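Chemist: Just passing along the structure, written as structure tokens.
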Amino acid sequence: MTLRRWALTLLLLSAGGIAVLLAQEPTDPATTVAAPSTSAAAMADRHRRFLEEVTLLISDPERDTFLALTQPHQRDRFMQRFWQVRDPFPQTARNEFKDRWEANAEVARARFADLSDPRAQVVLFFGEETRTLRTTCSDVLLPVDIWYFGGADTGGGEFTVVFLRQGDDVELWSPHEGLRALAAPFVNVLEDSEFMMRIAEDCPRGDDILLALQATADWEELRDRLPLKPGRAEDWIRGFLASSTDVPEGATELPASHRTSFPGVNQSRTVVQLLLTVPRDKAILATTGPYQSYNFLVDGEVLRQGELFETFRYKFNVPLTAQQQPGDQIPLALERNLRAGNYTWIVKLQDLNGNSYYQLREDVVVPNVNIAEVEQPRVDPLGEPPQPDGRLEYLAEANASLLDAVDADQAIKLWAPHDRLLTGPVRVEARAFGERISRVAFDLDGKQVMAKSAPPYTVEINLGRAPRLHRLGARALDAQGHLVATDEVLLNAGPHRFSVRLIEPQRGGRYTQSVRGRAEVELPESEQLERIEFYLNETLMATLYQPPFVQPITIPPKQELAYVRAVAFLRDGSSTEDLVFVNSPYPLDEVQVDFVELYTSIFDSKGHPVESGLALEDFAVKEDGIEQTIRRFEPVAERPIHAGILLDNSTSMLDSIDEAEKAALQFFQSVIQPKDRACLITFNDSPELVVPFTNDHEVLAGGLAGLTAEGETAFHDSIVYALHYFSGLRGKRALILLSDGEDVGSAYTFDEALDFARRTGVPIYAIGLGVAQRDAMA
């Protein structure tokens with residue numbers, strides 16, 4: 001079976017389903033449905049099956065890279081990355097495209113001999129047809145099967161795919177070949193109109209056949225809508241190969257060593273600690289940059305039963321002043337949390353300054369760890385260097401929390417509503433685990449408000465009428481009142497909050513050799529974490545690219561007051577951080593300081609923008625007549641903006657709703673650029689998020705289609721709702737309000753809405769529609 005000139009190569013995933021695009025391949029059919037290379041014969045079944053299923057998706061560079069890989073786990077990792085770069089919604093846990101493609105492949109395999117059958121290839125892209133029509137007028141029309149597709153799974157709208165049957169051979173017919181390519185032998189057809197008349201008169205359901213042939217998709221017009229393949233496959237392949245655990249041929253060897261230990265547990269998993277040590281005289285010191293340091297990159301793969309289980313990447317920056325080990329070794333420690341079982345570790349360590357490499361491949365048996373039986377490394381109380389025969393002693397302090405047999409199983413977890421703005425009485429729950437816990441205290445904004453001495457630890461806390469950000473904490477205490485475990489959540493943080501919190505080290509703790517940094521991250525909607533950096537003071541120590549975000553950090557000798565800092569980065573470059581002080585000789589008070597960003601446009605007397613020549617002293621900012629201190633000043637250009645349209649569609653807007661829709665649509669089309677994001681919120685009796693933040697003009701326009709004016713006007717409530725939706729967003733923000741301005745039935749007052757608007761700092765641009773001048777002045 002052949003596919004002639006046309007092959008299905010593009011697929012578009014949208015929120016409503018899947019729309020399929022077909023693109024023309026080179027004229028040589030062998031390039032379209034070529035069988036896997038003969039080198040695939042030695043592959044595992046899962047790899048051969050993958051290559052067969054993605055024949056129409058994979059590019060030549062991708063195929064060449066896959067075939068060049070020599071290890072099964074490397075092909076596993078390639079397959080993971082191949083689907084990741086095609087994930088239409090990478091912020092979600094599922095890969096919708098991969099799931100649907102593989103489900104369609106199962107259907108295609110069950111129905112057809114192999115995936116090279118053009119019918120199987122259509123199923124791969126479209127799924128199963130909704131209905132079929134088979135022609136039986138062989139004296140007029142060659143045997144044809146017509147497949148109908150339609151509905152959400154194909155992006156809406158019905159279309160057809162036509163197959164030409166010639167014995168056992170099946171070909172996909174293209175409308176570019178013309179109708180007469182379907183004519184039966186010996187049919188004397190001079191014009192298309194005559195042929196169409198013959199089909200209508202001589203074929204059963206002839207009219208349906210003609211309609212189907214006319215509805216057959218024009219693949220060439222659909223081709224350029226949106227390519228499925230990455231723009232440049234070489235880009236992700238380059239990154240994939242760079243993170244390989246293979247050592248480049250002819251590379252300089254780095255004379256490092258390693259040791260694996262199991263210092264504790266993390267919930268139901270064993271903490272596996274890998275310590276890599278590099279002789280200091282064999283590493284190359286970087287002398288450029290803010291400080292002198294040794295720089296290393298670690299790429300690793302963990303295999304279970306011969307298949308890839310997980311991958312990891314760490315980057316280490318070891319300052320020249322870091323704690324030295326016996327024999328003057330540079331220690332690099334990393335952790336993974338694994339269930340008990342047999343694993344194989346493959347790790348590549350690269351000295352980034354000397355471009356030398358160390359590779360290890362080790363079979364590791366991960367035990368079920370009983371903390372009470374773990375032998376704790378010896379730390380000399382006098383601060384003397386550890387004994388030369390052990391390389392993990394310096395990690396004893398960092399591992400202290402893992403080795404605490406008493407509190408290891410004590411935990412507390414707070415639960416509170418987070419999907420809406422909370423005011424007034426709110427019920428919250430703390431779920432406590434552990435025999436030592438005898439009481440739970442609840443704190444609101446740093447002050448204890450309630451405590452319960454028996455489960456269920458459920459309380460009702462009054463947040464007041466005004467909508468505000470609150471910090472809710474829970475402390476689990478033992479019978480003597482000693483702290484056992486804590487948890488903390490932010491209320492009214494909004495869906496876009498981006499934060500990182502250091503769980504370890506303990507605030508105010510004392511450490512002499514090492515400390516364990518452990519961070520938790522809260523991500524905004526639709527965003528992905530790129531990395532977390534751990535600092536000791538202002539010195540970058542390690543960069544982690546995947547969870548768990550745990551890093552042992554060495555402390556230089558006689559280090560006095562210091563702080564551990566965790567900085568989290570999103571893929572768009574946004575960052576947030578948390579900081580914990582340690583080794584303080586006296587109690588410390590922390591003060592929360594909030595900075596307010598003011599975006600200012602400067603124009604000269606002729607109305608021309610002033611773009612240069614301005615300094616900090618040229619500006620003054622006053623609040624309520626009081627001059628404020630400007631802490632930072634910098635020019636910004638082309639900074640992305642998050643803008644929201646808050647559109648009133650209550651009954652009072654009946655005469656203005658069309659005008660409001662046009663104004664909103666014009667704003668989206670003229671202002672929102674690819675780097676920007678906009679949302680649409682409508683309101684009458686209550687607000688509704690119609691379109692979340694996006695830069696897709698079609699989606700935004702679709703949200704405006706078909707709006708009707710009905711219901712009352714919850715004006716104040718809707719402003720508060722919209723501002724809460726902006727919570728957590730940084731940078732340039734704007735809310736454009738389109739309304740007649742009349743409030744009916746809001747729970748919040750004007751003053752409460754105004755106070756909340758001031759606290760969020762989001763500029764509101766109100767456009768009154770049908771508002772008389774005297775009403776606007778009022």
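Chemist: With a 1.4 Å probe and every protein chain left in place, tell me how much accessible area V440 has, in Å² to the nearest 10.
Modeler: 0 Å²
Chemist: 5 Å is the cut-off here: which amide hydrogens, built 1.01 Å from N in the peptide plane, fall below it relative to K732, excluding neighbours closer than 5 in sequence?
Modeler: Those qualifying (amide H under 5 Å, at least 5 residues apart or on another chain) are H642.
Chemist: Would you be so kind as to identify which of I641, G625, F715 lies farthest towards the positive end of the dipole of region 597-722, taking Lys and Arg as +1 and Asp and Glu as -1 on Cβ and the Cα centre as origin?
Modeler: It is I641, whose Cα lies furthest towards the positive end.
Chemist: Just to make sure I understand: if all protein chains stay in place, what is the order of K348, K452 by accessible area at 1.4 Å, largest first?
Modeler: Listed by decreasing accessible area, they come as K452, K348.
Chemist: Ok, one more. With every protein chain in place, what's the accessible area of R439 (1.4 Å probe, Å², nearest 10)?
Modeler: 80 Å²
Chemist: How many angstrom lie between the Cα centre of region 718-735 and the Cα centre of region 80-119?
Modeler: 38 Å
Chemist: Separate question: Using the Karplus curve 6.51 cos²θ - 1.76 cosθ + 1.60 with θ = phi - 60°, what ³J(HN,Hα) values do you get for each residue of region 735-747, in whole Hz, with x for Gly and Pro?
Modeler: Once rounded to whole Hz, the list reads 10, 9, 9, 10, 6, 8, x, 9, 9, 9, x, 6, 6.
Chemist: What size of dipole, in debye to the nearest 20, comes out for region 661-773 about its Cα centre when the only charges are +1 on Lys and Arg C-beta atoms and -1 on Asp and Glu C-beta atoms?
Modeler: 800 debye
Chemist: Evaluate Rg over Rh across region 626-737, taking Cα atoms for both radii and Kirkwood's formula for Rh.
Modeler: In region 626-737, Rg relative to Rh is 1.04.
Chemist: List the trypsin sites (Lys or Arg not before Pro) in region 55-137 that DSSP assigns to loop (not H, G, I, E or B) and whose Cβ has at most 14 other Cβ atoms within 10 Å. Which are they?
Modeler: R94
Chemist: What ³J(HN,Hα) values, in whole Hz, does the Karplus curve 6.51 cos²θ - 1.76 cosθ + 1.60 give for region 562-579 when θ = phi - 60°, with x put for Gly and Pro?
Modeler: Residue by residue, region 562-579 yields 8, 9, 9, 10, 10, 10, 9, 10, 8, 5, 8, x, 5, 9, 8, 8, 9, 9 Hz.
Chemist: If the only charges are +1 at each Lys and Arg Cβ and -1 at each Asp and Glu Cβ, what is the size of the charge dipole of region 493-579 around the Cα centre, to the nearest 20 debye?
Modeler: I would put it at about 420 debye.
Chemist: Which of the trypsin sites (Lys or Arg not before Pro) across region 643-717 are loop residues per DSSP, with 14 or fewer other Cβ within 10 Å?
Modeler: Qualifying residues, ordered by number: K675.
Chemist: Moving on. For region 436-513, which whole percent of the accessible surface, found with a 1.4 angstrom probe, sits on carbon and sulfur atoms?
Modeler: The value for region 436-513 is 48 percent carbon and sulfur by accessible area.
Chemist: Could you rank T682, T311, T70 by how accessible they are, 1.4 Å probe, largest area first?
Modeler: Sorted by accessible area, descending: T70, T311, T682.
Chemist: Determine the shape class of region 236-289: with a ≥ b ≥ c the square roots of the Cα gyration tensor eigenvalues, call it rounded for a/c under 1.5, and otherwise prolate if a/b is greater than b/c, oblate otherwise.
Modeler: It comes out oblate by the Cα gyration axes.
Chemist: Evaluate the charge dipole of region 608-735 about its Cα centre and quote only its size in Debye, nearest 20, assuming +1 on the Cβ of each Lys and Arg and -1 on the Cβ of each Asp and Glu.
Modeler: 640 debye
Chemist: Rank I412, I284 by accessible area, highest first, at a 1.4 Å probe radius?
Modeler: I284, I412
Chemist: Which lysines, if any, have their Cα less than 23 Å from the Cα of K315, not counting same-chain residues under 8 positions apart?
Modeler: Correct list for K315: K282, K348.
Chemist: Keeping all protein chains in the complex and leaving out DNA, RNA and ligands, what accessible area do you get for S138 with a 1.4 Å probe, in Å² to the nearest 10?
Modeler: S138 has an accessible surface of roughly 80 Å² with all protein chains in place.
Chemist: Under a Cβ-Cβ cut-off of 13 Å, what is the net charge of the residues other than H47 that fall near it, where Lys and Arg count +1 and Asp and Glu count -1?
Modeler: The answer is +1.
Chemist: Any of K606/K732; K662/K732; K98/K413 with alpha carbons more than 31 Å apart? Name them for me.
Modeler: Check vs 31 Å cut-off fails for K98/K413.
Chemist: Name the shape class, rounded, prolate or oblate, that the alpha-carbon gyration tensor gives for region 433-555, where a ≥ b ≥ c are the square roots of its eigenvalues, rounded holds for a/c under 1.5, and otherwise prolate holds if a/b is larger than b/c and oblate otherwise.
Modeler: Taking the square roots of the gyration eigenvalues as a ≥ b ≥ c, region 433-555 is oblate.
The values are calculated or read from the model by the stated rules, or taken from the named source; none is laboratory data. Predicted model, so just to flag it, every value in this text is computed and none were measured. Neighbour counts run over all protein chains shown; Cβ positions are idealised from the backbone, glycine included. For accessibility, only protein heavy atoms count, side chains too; no ligands or nucleic acids. Shrake-Rupley method; radii C 1.70, N 1.55, O 1.52, S 1.80 Å.
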